[in-house]
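Shown next, in structure tokens, is the structure this report addresses.
Values in this text are rule-based calculations from the coordinates and carry no lab data. All figures in this text were calculated on a predicted structure; none of them were measured in a lab. Here Cβ is always computed from backbone atoms with ideal geometry, including for glycine, and neighbour counts include all displayed protein chains.
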Amino acid sequence: MNLLSKTFLTALICTAVSHASSDTAGLWSLCDSALSGIATETSLLDESDSLITLENDILDAIMSVELYPQSMTGLSDDMLVNLDRHLDAHKKKFDDISSRLSKHRGRVQDEAGIIREVAASNPSRDMVQSIKKESSTGISALSSIRKEIDQAGRGLHREVGDLSASVGLFRKSDTTYFGPAGVFDVLAYVKKSLAMKSGNEQRDTMIGIESIKSAKAVSAGRYLYANADIEMLSPLTTHEKIQGSFNKLRLDVLLRSGRTDDVLAVADSVLAAKGYSDVVSFYKIQALYSLGKFDSVWNCVAKLDLLSFPSAQRNLIIWCAIESGLQAGINADFTKLAGQADLGAQYNLYVLHALAGTYAASDRLSLAVSVLKSALQKK
């Protein structure tokens with residue numbers, strides 16, 4: 001619950017209480033106290049969920065090392081079985097904590113809903129007192145869970161230390177505890193060191209495994225985790241297909257993270273080294289559009305073979321081009337450009353809306369209305 005929500009609910013409570021009889025004069029402070037408890041619970045839940053996500057990212061990063069060629073890691077079958085057993089126990093522990101957090105969140109959401117109803121009607125002291133008591137109990141339970149996460153995390157981080165020692169990169173005595181911030185640095189060092197000392201075939205196998213992991217992380221919205229692996233490993237391979245996969249992932253992560261200037265830097269670097277690329281051009285156009293560089297978008301699209309792009313990507317590019325043309329005041333045949341769109345694919349409505357805008361801008365209002373009507377008939 002954010003501050004705005006809390007302020008809004010408090011205002012409702014004040015309104016309700018202001019119309020109540022004098023014997024309920026203290027009810028406002030009771031409601032506000034209950035609401036503060038709910039806000040504290042929500043903060044603890046958000047913090048705990050973030051930590052669980054972090055620990056699961058660490059768990060995934062260790063599990064990927066299990067998949068590397070044994071000739072690369074030097075881990076025996078027994079060592080891998082032992083490591084897998086430990087990691088499975090950690091996963092079950094984190095899953096159990098996540099399940100308990102989910103139940104707490106459901107209860108907190110129910111309490112917040114009741115408080116809203118109470119604030120908008122006639123407050124019941126007993127009901128608010130019960131919520132306050134439940135919230136106090138919840139805060140205590142969530143504080144305990146928070147400590148449990150820290151303890152479980154320490155155990156997982158020691159696995160990173162043990163793994164580092166097992167592959168010969170640290171002495172066991174140096175790997176007691178790295179902390180959640182340092183553990184990713186250690187894992188990055190382990191992975192990079194293994195890659196550097198291995199042959200091309202082993203290295204490409206390892207990087208292929210990591211690229212799959214990174215793609216899954218991107219799909220789950222874990223952009224920082226994915227980008228760290230991509231930036232570390234992509235320079236280590238000359239395999240064209242794997243490098244292309246990394247380039248796409250890196251551009252996707254940067255764009256989704258709002259780092260549009262970095263998208264352009266990476267795109268221009270790849271294009272300079274590799275020549276033309278549909279994938280890179282797709283991300284470059286979106287970055288240019290986000291930065292308001294409409295002339296550049298138009299000029300970039302003019303050089304593309306739009307029909308070489310998948311339908312959804314093509315539609316998005318055409319939409320960016322038409323909107324950019326309008327913004328830049330370019331005199332062009334937008335109808336011909338829109339005619340290359342696949343109106344049965346994603347972003348079709350974007351294209352139709354933009355096309356209608358070009359007709360409206362040139363005072364062809366009947367055409368604009370016609371296009372908008374056709375857009376309404378699309379699913």
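As an exercise, use a Förster radius of 30 Å and the Cβ-Cβ distance of Ser29 and Glu148 to find the FRET efficiency, rounded to the nearest 0.05.
0.35
With a point put 7 Å past each Cα toward its Cβ, work out how far Asp84 is from Leu367 in nm, to one decimal.
6.5
Between Lys92 and Asp46, what FRET efficiency comes out of the Förster formula 1/(1 + (r/R0)^6) with R0 = 22 Å and r the beta carbon distance, rounded to 0.05?
Taking R0 as 22 Å, the efficiency between Asp46 and Lys92 is 0.40.
Work out, step by step, the length gained on full extension between Ile330 and Ala360: first 0.36 nm times the residue separation, then minus their alpha carbon distance; give nm to one decimal. Walk me through the intermediate numbers first.
Numbers: separation 30, 0.36 × 30 = 10.80 nm, distance 1.47 nm.
Between Ile330 and Ala360, full extension yields an extra 9.3 nm.
Cross-link candidates for Lys373: which lysines have Cα within less than 28 Å, leaving aside residues fewer than 8 places away along the same chain?
Lys336
Length gain on complete extension for the stretch Ser374 to Gln109, per 0.36 nm per residue less the alpha carbon to alpha carbon distance? Don't skip to the end; give the middle numbers.
Details: separation 265, 0.36 × 265 = 95.40 nm, distance 4.20 nm.
In short, 91.2 nm is gained.
Report the Cα-based extents of segment 285-356 along its three principal axes, largest first, to the nearest Å.
Each principal axis gives a Cα extent; for segment 285-356 these are 28, 22, 19 Å.
Among the lysines, which fall within straight-line cross-link reach of Lys192, defined as a Cα-Cα distance under 19 Å, with same-chain neighbours fewer than 8 residues apart omitted?
Lys213
In this model, which of Lys92/Lys132; Lys92/Lys147; Lys241/Lys293; Lys93/Lys197; Lys92/Lys216 are farther than 25 Å apart at the alpha-carbon?
Lys92/Lys132; Lys241/Lys293; Lys93/Lys197
Rg/Rh for segment 231-379 to two decimals, with Rh computed the Kirkwood way over all alpha-carbon pairs.
Values: Rg = 16.8 Å, Rh = 16.3 Å.
When Rh is taken as the Kirkwood radius, the ratio is 1.03.
So if R0 is 35 Å, what FRET efficiency would Asp185 and Gln346 give, r being the distance between their Cβ atoms, rounded to the nearest 0.05?
0.35
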